[in-house]
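Here the structure comes first, spelled out in structure tokens, and everything after it is commentary.
The values are calculated or read from the model by the stated rules, or taken from the named source; none is laboratory data. All of these numbers come straight from a predicted model, not from anything done at the bench. A quick note on method: Cβ atoms are made from the backbone with ideal geometry, for glycine too, and the neighbour counts reach across all protein chains shown.
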Amino acid sequence: MPQFNISIQPTNNENIVKFIVNSFLTQANSYEFGNIEEAAPSPIAQQLFHLPFVKTVYISQNFIAIEKYNIVSWEDVQEEVAESIVSYLNTGKPVVVADETPKKVPVTIYAESTPNPTVMKFVANKPLSEGIFEFKSIDDTQEAPLAQALFGFPFVKEVFISANYVSVMKYNIVEWQEVSMELREFIRSYIEDGKPVFTDGILKNSGKTTETDSETIPKSSVREPITDIEKEIVSILDEYVKPAVAGDGGHIAFDSFNEETKTVRVILQGACSGCPSSTVTLKNGIETMLREMLQGRVMTVEAVNG
């Protein structure tokens, strides 16, 4: 039995704290319980509702998030809550009790083209990942069974998994119209059969990746934003740029900022990586946005493929 430990992570909502576990609690399922009766399928959620300040319990993949009433501050109680969760998990009792006769939840997948002609985005009607994961080859997929299975197709070059979608980059040996239906059905069947998207090992820092705010990005020279302007740059990217590129099956990550040259370096991933048009389009778009919003403190953006 794994030994569980928890890290405590505040959220943008001061009443909600995430208790992130070093193991998956659910696979591609999320739960929200508003009271102890609703929490009947989850013994741990029921236990948490015995705490008088607990308003809502959320369970998703590798974390439990709790919304509190205003009668206490998290600083006073979060350590106690974390210990309670760890103690429960270490008993080996279930987090969510499955029905005696579980029903297969129908899964739908639709294929969506992206600005990158070599990348197709396959969107599911359920969450697949709380983070952002990119796999350049089958060697990277030891803890990602779905990505590993996709590399079994000879035309698959790279796999990118985030939120409720899988982006697949292909080699030019085939056209999408020849293989997209096959891939879509494969992903649908895989998820519907309840097979794992990831295993627990993906949650551990192996040195190949670094986790920041639930996102997993290649380490390379990436570092945490330190200065105030770096934090402003990351905030603008998070709010205005990432949602747009995610819609196209891609991701953009802050890499570095050179104050002397006023140059921001970003990493393109997923459908953005290697796209003939995205490097120029994104570079120019982000460059203009950062110049205007930061009033000349940024002048240039360099975009590189992840």
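Here are some notes:
- Matching residues, region 10-20, being in a strand (DSSP E or B) and either more than 15 Å from the chain's Cα centre (by Cα) or of a type in the set (D, E, K, R) (or both): Pro10, Ile16, Val17, Lys18, Phe19
- Members of region 21-67 found to be hydroxyl-bearing (Ser, Thr, Tyr), in a loop (DSSP other than H, G, I, E, B) and at pLDDT below 90, listed by number: Ser23, Thr26
- Across region 76-98, the qualifying residues are those that are among the hydroxyl-bearing types (Ser, Thr, Tyr) and touching a helix residue (DSSP H, G or I) at 6+ places or on another chain (Cβ under 8 Å), and the one among them that is nearest to Pro52 (Cα to Cα) is Ser84.
- Residues being crowded, with 21+ Cβ neighbours inside 10 Å and either in the same structural domain as Pro243 (by TED's automatic domain parsing) or at positive phi (or both) - total across region 144-172: 0
- Of the residues making up region 186-204, those that are at pLDDT below 95 and either basic (Lys, Arg) or over 20 Å from Ile132 (Cα atoms) (or both) are Arg188, Ser189, Glu192, Asp193, Gly194, Lys195, Lys204.
- The set of residues in region 17-42 being among the charged types (D, E, K, R) and surrounded by 16 or more Cβ atoms within 10 Å (Cβ to Cβ) consists of Lys18, Glu38.
- Pair list, Cβ < 7 Å and 6+ apart or interchain, from region 282-302 residues that are within 18 Å of Ala253 (Cβ to Cβ) to residues that are of a type in the set (D, E, K, R): Val298/Lys262; Val298/Arg291; Thr300/Lys262; Thr300/Glu287; Val301/Lys283; Val301/Glu287; Glu302/Arg265
- When Asn116 is tested against (1) surrounded by 21 or more Cβ atoms within 10 Å (Cβ to Cβ); (2) touching a helix residue (DSSP H, G or I) at 6+ places or on another chain (Cβ under 7 Å); (3) modelled with pLDDT of 90 or more, only condition (3) is not met.
- Flag if Val96 is within 30 Å of Glu192 (Cβ to Cβ), modelled with pLDDT under 95 and either loosely packed, with under 14 Cβ neighbours inside 10 Å or over 20 Å from the mean Cα position of the chain (by Cα) (or both): yes
- Checking each residue in region 112-134 for being more than 16 Å from Ile187 (Cβ to Cβ) and under 16 Å from the mean Cα position of the chain (by Cα) picks out Glu130, Gly131, Ile132, Glu134.
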